[in-house]
Structures are given as C-alpha cells and as structure tokens.
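The values are calculated or read from the model by the stated rules, or taken from the named source; none is laboratory data. As the structure is a computational prediction, the values presented were derived from the model and not from experiment. Note that each Cβ is placed from the backbone with ideal geometry, even for glycine, and that neighbours are counted across all protein chains shown.
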Amino acid sequence: MNLTDEEREALVIARKARAFDTWEETKGIVECGYWHAAANRMYYACYYMTTALLIKNGFQASTHSGVIRLLGLHFVSTGIISKDLGRFYSKLFELRQSGDYDDWIVIDANEILPLMDSVDNYLNTLLSLIEGKA
C-alpha cells in the first residue's frame, strides 16, 4: 500500500484511536464476564496499536501472522521492544485464535484478569514509540 505522508499519519491516528476504543470495550466486556469475547478484544486492541506502529515506520502486513513477524523482525530482534512484550503479543494472538476457533477451549477470569495490566502496558509502550517518547 503506497501512502502519502498525510495518509500514513491519518491512518496511524485512526489505528491508535481504534486501539484505545477497543481497549475500553474490553473493560466493559470483562465486567460482564464474557471471557472469550474479552480475549478477542484484548488481542484486537493490541493488534490495532501494533499496526499503527508498523504503519508509522513504513511497514505493512496483510495477515495477522505477518504483523507478528514484522513486529519481531523490526522491533523485538532489534531491541526496540522487549522480547517479553513480543511474546506477550504472540500469546494474545494464540489465545484469540483458540477462543475464536477451538470448540472445546474454556477461557475464564483466571486467564483474562491477569492479562489486563499487561495489555495496558503493551498499548502504552507502543504508543510511546509511535509518538517518539520512548
């Protein structure tokens, strides 16, 4: 996708907003106890922020696995993002995949609640990188 600088910046702004909107959705879903939906929305909040970071830096992926690969290649392996954060994002992807597609998977509060602070940390870490504050 060839974007002008203005289009790229507009898309980054939109993705950041969508990340935080989705994060707020997640909190409401957690309050209602919909754990599978919470896993899905947690992942997507982080996905939108990750794609904002990639777009900001001129990278574009066409699949979720491609987003993970580009994050690892350009940000984790270079030390810009910690390996722990990279693993966390991959873990969320796997949890979302299982929750959405595996018939017998059970996701409950014990799995979701401990991830809440980590999602918040992930979003804010990437936001700082996007905004040049890291």
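Couple of notes before you dig in:
- Selection of the stretch 17-28 for residues being under 17 Å from the mean Cα position of the chain (by Cα) and either within 22 Å of N110 (Cβ to Cβ) or surrounded by 17 or more Cβ atoms within 10 Å (Cβ to Cβ) (or both) yields R18, A19, T22, W23, E25, T26, K27.
- Number of the condition not met by Y89 [criteria: (1) at pLDDT 95 or above; (2) farther than 20 Å from T125 by Cβ]: (2)
- Residue check for M49: within 19 Å of G132 (Cα to Cα) and either buried (at least 18 other Cβ atoms within 10 Å of the Cβ) or in contact (Cβ under 8 Å) with a residue 60 or more places away in the chain (or both): yes
- Cβ pairs under 6 Å, 6+ apart, first in the stretch 1-25 and of a type outside the set (D, E), second not in a helix (DSSP H, G or I): M1/Q60
- Residue in the stretch 86-107 that is closer than 30 Å to E6 by Cβ, surrounded by 14 or more Cβ atoms within 10 Å (Cβ to Cβ) and of a type outside the set (F, W, Y) present: no
- Unmet criterion (only one of (1) touching a His at 6+ places or on another chain (Cβ under 9 Å); (2) closer than 17 Å to R18 by Cα; (3) acidic (D, E)) for D120: (1)
- Remark: pairs (first residue in the stretch 59-76, touching a residue at least 12 places away in the same chain (Cβ under 8 Å); second residue aliphatic (A, V, I, L, M) and surrounded by 16 or more Cβ atoms within 10 Å (Cβ to Cβ); Cβ separation under 6 Å; 6+ apart in sequence or on different chains) = F59/L70; V67/A61; L70/L54; L70/A61; F75/I81.
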